[in-house]
Amino acid sequence: MTKNKTAPTEVNVADFINDFADSEAKRRDSFALVKLMQEITGFKPVMWGSSIIGFGMYHYKYDSGHEGDAPILGFSPRKQALSLYVFTGLKEHLPLLKNLGKFKMGKVCIYVKKLSDINLEQLKKIMSATIEFLKSKY
């Protein structure tokens, strides 16, 4: 079985944000997300791999047999956008995206240029739904 590339590291989150975020605005948004996600999850931020800031951890196992660990919530202050790992991708959770604001969507990743583009109260609802789903499934 292959080992997951994205695993917790000892890298300091604040140092990572200060070094990696390419603008003062992205640094401010990143520190705001750290505070928000820590409040929602109750977990301190931990670097996962080289560029994801994660909160908490759960163990997953797919029907295929692939399994591993992942953060409950997370984000990365990438150059093009903030990548938010906060959405389950479940059909029943799609309505939660309706009032989120200006964003783009990957399979389950939400991309935002800046936090002021989205409704943070709606983001909290999305994160809470994801946490509840993960608690019930894993």
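The values are calculated or read from the model by the stated rules, or taken from the named source; none is laboratory data. In this text the structure is predicted, and so the values were computed from the model without any measurement. Counting neighbours? That spans all protein chains shown, and the Cβs are built from the backbone with ideal geometry, glycine included.
Listing for the model above:
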| item | result |
| --- | --- |
| Residues (farther than 15 Å from S83 by Cα and not charged (D, E, K, R)) located in the range 37-61 | Q38, I40, T41, G42, F43, P45, V46, G56, M57, Y58, H59, Y60 |
| Hits in the range 81-138 - residues which are free of Cβ contacts under 8 Å to residues at least 40 places away in the same chain, in contact with a strand residue (DSSP E or B) (Cβ under 8 Å, 6 or more places away or on another chain) and of a type in the set (S, T, N, Q) | S83, N119, Q122 |
| Meets criteria (of a type in the set (S, T, Y) and touching a residue at least 60 places away in the same chain (Cβ under 8 Å)) for T41 | yes |
| Residue among P77, P71 that is at pLDDT 95 or above and touching a Gly at 6+ places or on another chain (Cβ under 8 Å) | P71 |
| Checklist (1) at pLDDT 95 or above; (2) in a loop (DSSP other than H, G, I, E, B) applied to I53, failing item | (2) |
| Evaluation of R78 against (1) surrounded by 12 or more Cβ atoms within 10 Å (Cβ to Cβ); (2) under 15 Å from L120 (Cβ atoms) (one fails), failing number | (2) |
| Of all residues in the range 36-73 being more than 12 Å from V11 (Cα to Cα) and among the polar types (S, T, N, Q), the one that is surrounded by the most Cβ atoms within 10 Å (Cβ to Cβ) | T41 |
| The range 16-35, residues that are in a loop (DSSP other than H, G, I, E, B), surrounded by fewer than 16 Cβ atoms within 10 Å (Cβ to Cβ) and not polar (S, T, N, Q) | D22 |
| Of all residues in the range 81-108 being of a type in the set (F, W, Y) and within 12 Å of the chain's Cα centre (by Cα), the one that is farthest from E121 (Cα to Cα) | Y85 |
| Only one of K104, K113 that is at pLDDT 95 or above, over 21 Å from K5 (Cα atoms) and surrounded by 16 or more Cβ atoms within 10 Å (Cβ to Cβ) | K113 |
| Leading residue by the ranking (surrounded by the fewest Cβ atoms within 10 Å (Cβ to Cβ)) among those in the range 1-15 that are closer than 15 Å to F55 by Cα and at pLDDT 95 or above | E10 |
